[in-house]
Amino acid sequence: MSWATDTRAGLAGQGSTWRRVLSPTGNTGDAVFRVLMLLVALLMIGIVLAMVAALTADSMTSIRQFGFHFLTGQNWDPIKGEFGALAFVYGTIASSLIALLISVPFSLGIAIFLVEQAPHYIARPVGFLVELLAAIPSVVYGLWGIFVLAPVLRQYVEPPLAAVFGWLPLFRGTITGIGLLTGGIILAIMVTPIVSAVVRDVLAAVPGSQREAALALGATKWEMIRVVLVNGAPGIAGAVILGLGRALGETMAVTMVIGNRPQISLSLFEPSYTIASAIANEFTEATGDLHLSALVELGLILFLVTFVVNGIARVLVWNVTRKTGGVGRAA
Amino acid sequence: MSVSKSVRLVALFSALALLVVSIACNGNSSNPGTPSVSLQGAGATFPNPLYQKWLSEYGKVHPNVKIDYQSIGSGGGIKQLKEQTVDFGASDAPMKDEDLKAAPGEVLHIPTVLGAVIITYNLEGVKAPLKFSPEVIADIFLGKIKKWNDPKIAADNAGVTLPSTDITVVTRAESSGTSAVFTDFLSKVSPEWKEKVGAGTSPKWPVGVSGKGNEGVTGQVKNTPNTIGYVELAYAVQNKLPVAQVKNSAGNFIDPSIDAVTAAASASAGSTPDDLRVSITNATGPQAYPISSYTYILVYKNQKDAAKGKALVDFLWWGIHDGERFAKELQYAPLPADIVKRAEAKINSVTAGGTALR
């Protein structure tokens with residue numbers, strides 16, 4: 001019954017009888033609509049809970065066998081029946097962070113250009129092309145990654161990086177064109193259309209009066225854009241979170257270029273592995289109960305990782321928006 | 001307009017009538033006339049192209065039997081067979097003893113064709129096919145041999161100028177029968193491999209990067225200099241990859257070919273157990289290619305439904321006889337004659353309610 005209390009709290013001051021709660025306007029149609037929408041919302045929560053329950057139930061074998069060590073162990077050996085997820089968690093988070101580091105500046109640039117600078121006859125087709133990127137199946141990105149991106153990185157990008165920044169552990173190791181960096185770049189390309197499309201809509205929604213006010217006070221175009229960005233900060237953060245979600249869960253494209261090796265290495269050139277790819281790769285031929293159970297537990301962990309990372313991102317957004325004084329809430 | 005409308009209506013109704021009749025026929029399929037039977041199978045992805053060919057060819061000669069095959073992977077095939085959600089399963093590796101025990105009935109292994117795993121590489125300037133001893137392959141994949149000009153590699157390849165570059169090992173990322181056959185071979189030829197890694201569909205590779213699928217491994221080998229990897233023979237032939245010769249247990253370096261794979265099965269026929277569950281890697285024949293393996297269709301010895309069981313054994317019989325001629329064009333090795341005989345006996349032993357189906 002807690003939903004009723006919530007609803008009531010939301011309508012504080014409007015009375016407390018059931019009839020009034022369900023239908024403040026006294027209209028039956030409204031009441032029916034409210035109940036329907038409430039059911040839909042509850043269904044979503046129910047689905048999430050059911051998924052967590054099912055994942056937990058199916059991973060019990062593995063949870064009992066390994067306990068907390070599953071999270072801290074790095075050894076993943078299906079033949080010997082030893083399973084530890086830490087390397088997969090690392091690979092998932094690291095590749096997503098690389099993706100965001102690359103894609104966010106690009107996305108912001110694209111959005112600013114489209115909203116603030118490009119004339120209409122350029123903004124439309126460019127915007128369309130960027131959105132088209134989002135429609136390409138991820139396996140196509142993966143194949144493009146193997147056949148085009150990886151060789152380019154191996155020949156033209158990674159050797160200079162190693163030469164200039166080789167003193168950092170990040171850029172040491174064998175250069176094969178396949179690895180964490182390549183996975184992160186593929187993800188960045190896949191995330192960019194989503195983030196930039198949302199940021200573009202956010203910037204477009206910032207009232208024109210803000211721009212006019214800034215310009216009227218003698219701001220340059222760049223200063224005016226900064227005002228717009230600060231205004232749109234919560235929405236931009238929401239866009240980034242959306243991109244992060246996409247990056248964390250991406251499977252096919254990443255698995256084709258990341259090297260699929262469960263290891264924790266500081267080097268961006270070394271192969272890595274993500275949770276989603278591991279599940280996709282091993283599930284079909286996993287015969288042992290323990291192996292299957294461990295894979296399901298990986299799924300549960302991905303769920304938790306997504307949850308925690310999203311949570312952290314939201315807290316960050318909340319802090320930032322309070323400081324910058326932006327309006328509205330995070331998407 | 002109205003004419004075409006009524007024609008359409010008539011067509012619709014006759015289609016409906018046909019549907020009803022066919023459903024009714026399905027209901028009493030014990031009827032000896034022309035029963036329409038539908039069979040479901042699932043399992044290994046490796047023989048899928050051949051099985052799909054079989055299904056379409058068999059459908060032409062036996063239009064009353066409808067067979068579907070889902071290539072969901074060997075593990076899934078065994079699982080679905082155990083749960084009796086399919087009429088037959090398919091697996092590259094034979095079922096393990098504990099899986100057989102867990103099955104609700106006796107399971108027969110019917111070998112259908114053979115496949116092989118080949119070693120491919122990307123080494124600039126090397127024209128002649130490279131040669132590898134089994135121990136050298138194991139050491140490379142263990143990470144013990146790190147450079148292409150290692151004396152152990154050079155010993156097998158006199159006259160070939162090998163570069164002093166690092167070897168990049170490329171393996172299969174996802175669980176696969178290809179990896180199982182390859183690691184089974186390495187476990188037989190290298191005690192160290194057996195102890196450290198072992199054999200299975202998803203081994204923990206000591207070194208290297210992993211690509212997804214045959215195409216992923218091929219892509220990485222093709223695009224990265226100084227790599228070595230393994231893929232299915234059929235895939236290598238279709239994509240014209242450089243293919244290494246591997247030394248067999250008779251001491252000969254063998255070029256992987258369909259005939260060399262059949263030779264491996266033939267050479268192992270004597271030591272093949274009665275249930276036909278056998279690994280033929282590192283086979284003994286002088287012409288045997290050492291990284292070869294069977295792929296199986298799995299069926300219950302006692303069929304619940306006589307009509308379905310009859311259709312199934314007829315299909316299997318057709319497969320190991322008429323079906324074999326489609327094997328070569330799809331780069332699978334056909335069964336040797338003596339194994340066909342033994343598979344026949346297996347098919348003939350299938351019963352329904354105590355009576356033989358063939």
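A few notes on this one:
- When B:K79 is tested against (1) within 12 Å of chain A (Cβ to nearest Cβ); (2) in contact with a strand residue (DSSP E or B) (Cβ under 6 Å, 6 or more places away or on another chain); (3) under 22 Å from A:F283 (Cβ atoms), just one condition goes unmet, and that condition is (2).
- Residues of segment B:77-98 classified as surrounded by 24 or more Cβ atoms within 10 Å (Cβ to Cβ) and either without any contact (Cβ under 8 Å) to a residue 40 or more places away in the chain or of a type in the set (S, T, N, Q) (or both), total: 1
- Filter result for B:T171 (within 14 Å of another protein chain (Cβ to nearest Cβ) and assigned to a helix (DSSP H, G or I)): no
- If only residues of segment B:281-310 that are among the aliphatic types (A, V, I, L, M) and at pLDDT 95 or above are counted, the one that is surrounded by the fewest Cβ atoms within 10 Å (Cβ to Cβ) is B:A288.
- Candidates A:G245, A:G259, A:G311, A:G218 - the one that is surrounded by fewer than 23 Cβ atoms within 10 Å (Cβ to Cβ) and either part of a loop (DSSP other than H, G, I, E, B) or outside the structural domain of A:V198 (by TED's automatic domain parsing) (or both): A:G218
- Scanning segment B:122-144 for residues that are among the aliphatic types (A, V, I, L, M) and buried (at least 20 other Cβ atoms within 10 Å of the Cβ) gives B:L130, B:V136, B:I137, B:A138, B:I140.
To keep it simple, each residue is scored yes or no on (1) outside any strand (DSSP E or B); (2) touching a Ser or Thr at 6+ places or on another chain (Cβ under 7 Å); (3) at pLDDT 95 or above; (4) more than 14 Å from every other protein chain (Cβ to nearest Cβ).
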| position | (1), (2), (3), (4) |
| --- | --- |
| B:G200 | yes, yes, no, no |
| B:K204 | yes, no, no, no |
| B:E215 | yes, no, no, no |
| B:Q220 | yes, yes, no, no |
| B:P225 | yes, no, no, no |
| B:I228 | no, no, yes, no |
| B:A234 | yes, no, no, yes |
| B:A267 | yes, yes, no, yes |
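- Among the residues making up segment A:121-147, those that are in a helix (DSSP H, G or I), touching a helix residue (DSSP H, G or I) at 6+ places or on another chain (Cβ under 9 Å) and either of a type in the set (F, W, Y) or farther than 20 Å from A:L108 by Cα (or both) are A:S138, A:V139, A:V140, A:Y141, A:G142, A:L143, A:W144, A:G145, A:I146, A:F147.
- Scoring B:H109 on the criteria (1) modelled with pLDDT of 95 or more; (2) surrounded by 23 or more Cβ atoms within 10 Å (Cβ to Cβ); (3) within 25 Å of B:P336 (Cα to Cα) leaves a single failure, condition (2).
- Test set (1) buried (at least 21 other Cβ atoms within 10 Å of the Cβ); (2) closer than 22 Å to A:A278 by Cβ - A:L143 fails condition number: (1)
- In the set A:I258, A:I275, A:I279, only one residue is in contact with a strand residue (DSSP E or B) (Cβ under 9 Å, 6 or more places away or on another chain) and either more than 9 Å from chain B (Cβ to nearest Cβ) or under 30 Å from A:V198 (Cα atoms) (or both); that residue is A:I258.
- Given (1) at pLDDT below 95; (2) surrounded by fewer than 17 Cβ atoms within 10 Å (Cβ to Cβ), number of the condition B:K147 does not satisfy: (1)
- Residue match in segment A:191-205 (condition: hydrophobic (A, V, I, L, M, F, W, C) and closer than 30 Å to B:T224 by Cβ): yes
- Cβ-Cβ under 7 Å pairs, at least 6 apart or on other chains, segment A:258-285 side without any contact (Cβ under 8 Å) to a residue 12 or more places away in the chain, far side part of a helix (DSSP H, G or I) and crowded, with 24+ Cβ neighbours inside 10 Å: A:T284/B:G75; A:T284/B:G76; A:E285/B:S74; A:E285/B:G75
- B:A244 being touching a residue at least 12 places away in the same chain (Cβ under 8 Å) and either at positive phi or of a type in the set (A, V, I, L, M, F, W, C) (or both): yes
- Scanning segment A:74-116 for residues that are without any contact (Cβ under 8 Å) to a residue 24 or more places away in the chain, out of contact with any Asp or Glu (no Cβ under 8 Å at 6 or more places or on another chain) and more than 29 Å from A:A239 (Cβ to Cβ) yields A:D77, A:I79, A:K80, A:E82, A:G84.
- Residue in segment A:133-142 that is in contact with a Phe, Trp or Tyr (Cβ under 9 Å, 6 or more places away or on another chain) and within 14 Å of another protein chain (Cβ to nearest Cβ) present: no
- Within segment B:185-225, the residues that satisfy the criterion of being within 18 Å of B:I118 (Cα to Cα) and aromatic (F, W, Y) are B:F185, B:W205.
- Residues of segment A:52-82 satisfying the condition of being aromatic (F, W, Y), more than 14 Å from chain B (Cβ to nearest Cβ) and surrounded by 13 or more Cβ atoms within 10 Å (Cβ to Cβ): A:F66, A:F70
- A:T306, sole failed condition from (1) away from every other protein chain (no Cβ under 14 Å); (2) among the polar types (S, T, N, Q); (3) closer than 27 Å to B:A93 by Cβ: (3)
- Single unsatisfied condition, B:T183 versus (1) at pLDDT 95 or above; (2) more than 9 Å from chain A (Cβ to nearest Cβ); (3) not in a strand (DSSP E or B): (2)
- Index of the failed condition, B:Y289 passing every other in (1) within 14 Å of another protein chain (Cβ to nearest Cβ); (2) under 18 Å from the mean Cα position of the chain (by Cα); (3) not in a helix (DSSP H, G or I): (1)
- Scanning segment B:59-76 for residues that are surrounded by 19 or more Cβ atoms within 10 Å (Cβ to Cβ) and more than 12 Å from chain A (Cβ to nearest Cβ) gives B:V65, B:I67, B:Y69.
- The set of residues in segment A:94-117 that are β-branched (V, I, T) and farther than 10 Å from A:G184 by Cα comprises A:V104, A:I110, A:I112, A:V115.
- The residues listed here are B:A138, B:A90; of these, the one that is within 14 Å of chain A (Cβ to nearest Cβ) and in contact with a Ser or Thr (Cβ under 9 Å, 6 or more places away or on another chain) is B:A90.
- Considering residues of segment B:311-321 that are surrounded by fewer than 22 Cβ atoms within 10 Å (Cβ to Cβ) and in contact (Cβ under 8 Å) with a residue 40 or more places away in the chain only, the residue farthest from the chain's Cα centre (by Cα): B:D314
- Here A:I47 meets the list (1) under 24 Å from the mean Cα position of the chain (by Cα); (2) under 28 Å from A:G183 (Cβ atoms); (3) of a type in the set (A, V, I, L, M) almost entirely, failing just condition (2).
- A:L170 being away from chain B (no Cβ under 14 Å) and in a helix (DSSP H, G or I): yes
The values are calculated or read from the model by the stated rules, or taken from the named source; none is laboratory data. Keep in mind that what you see is a predicted model, and the values were worked out from it rather than measured. Please note: Cβ atoms are built from the backbone with ideal geometry, for glycine as well, and neighbour counts cover all protein chains shown.
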